[in-house]
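Structure first, commentary second.
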């Protein structure tokens, strides 16, 4: 395993160079690194906003850029956005988080335009609220879990393996003609 701070450009470049030395190239890349943030709108500082965007947006961009350098035609990329980027927040993550995930939606489409002619597919997944340690804090706040579960058609949160399966499909040969798309995996949240 190669670990690095995705917001540190030099660290990302070194990590992908090390990966290239080990693997020779890349067939698939999922950009899953990210951080969550729940600071109320009027309390968000520029520092908080930058930190969220540094990891979620800059980190995704750097991994996309460096990973694509190692790819040939037939390779696949899947970024991880969120329904917060589609909805503008309103779940648990607030302005900094929602705007960072909206930026990933736009970044993914741009990368698809650039990398498509090279035969590399680029898509994103936009999960709803998934039962992980990532959102454990907000879910513990009074009534939040029930409110969020009630926004889905299934009256439950998603499971990590459900998102992993969707990412695996987007990275598989079965999704060879899916390109520049956003796969929403939210239990129906954005329908309401």
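Computed from the coordinates by the stated procedures, all read-outs in this text should not be read as laboratory data. Since this is a predicted model, take the numbers as computed values, not measurements. Neighbour counts are summed over all protein chains in view; Cβ atoms, including those assigned to glycine, are modelled from backbone coordinates with ideal geometry.
Any chance region 92-115 includes a residue that's over 27 Å from residue 46 (Cα atoms), without any contact (Cβ under 8 Å) to a residue 60 or more places away in the chain and exposed (fewer than 15 other Cβ atoms within 10 Å of the Cβ)? Yes, because at least one residue in region 92-115 is over 27 Å from residue 46 (Cα atoms), without any contact (Cβ under 8 Å) to a residue 60 or more places away in the chain and exposed (fewer than 15 other Cβ atoms within 10 Å of the Cβ). For region 175-192, filtering for residues that are surrounded by fewer than 15 Cβ atoms within 10 Å (Cβ to Cβ) and part of a helix (DSSP H, G or I) leaves 2.
Among the residues examined, residue 41 qualifies as touching a helix residue (DSSP H, G or I) at 6+ places or on another chain (Cβ under 6 Å), exposed (fewer than 15 other Cβ atoms within 10 Å of the Cβ) and touching a residue at least 12 places away in the same chain (Cβ under 8 Å).
Of the residues that make up region 103-123, is at least one within 15 Å of residue 36 (Cα to Cα) and part of a loop (DSSP other than H, G, I, E, B)? There is no residue in region 103-123 that is within 15 Å of residue 36 (Cα to Cα) and part of a loop (DSSP other than H, G, I, E, B).
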